[in-house]
1. Does L15 satisfy the criteria of being surrounded by 10 or more Cβ atoms within 10 Å (Cβ to Cβ) and assigned to a helix (DSSP H, G or I)?
2. Considering every residue within segment 32-41, establish whether at least one is among the polar types (S, T, N, Q) and modelled with pLDDT of 85 or more.
Amino acid sequence: MTLSFQGIYRLFEPLSLFLMAGEFIKWISFFEHHVAKTASDFLRMQSVFVITNS
């Protein structure tokens, strides 16, 4: 019983790691997109500020 359970666990371990990696990548891309958007908005505001001041 323990042997078969361990075998099933060994089978599912890479799958769970793969799913975890997928979630991680999803979060990173979401975070990157969010940060990039915020940064570009900030830079746009800065450039507008510079243009209106000059």
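1. The answer is no for L15.
2. yes
The values are calculated or read from the model by the stated rules, or taken from the named source; none is laboratory data. Since the model is a prediction, treat every value here as computed from it, not as a measurement. We place every Cβ from the backbone using ideal geometry, glycine too, and count neighbours over all the protein chains shown.
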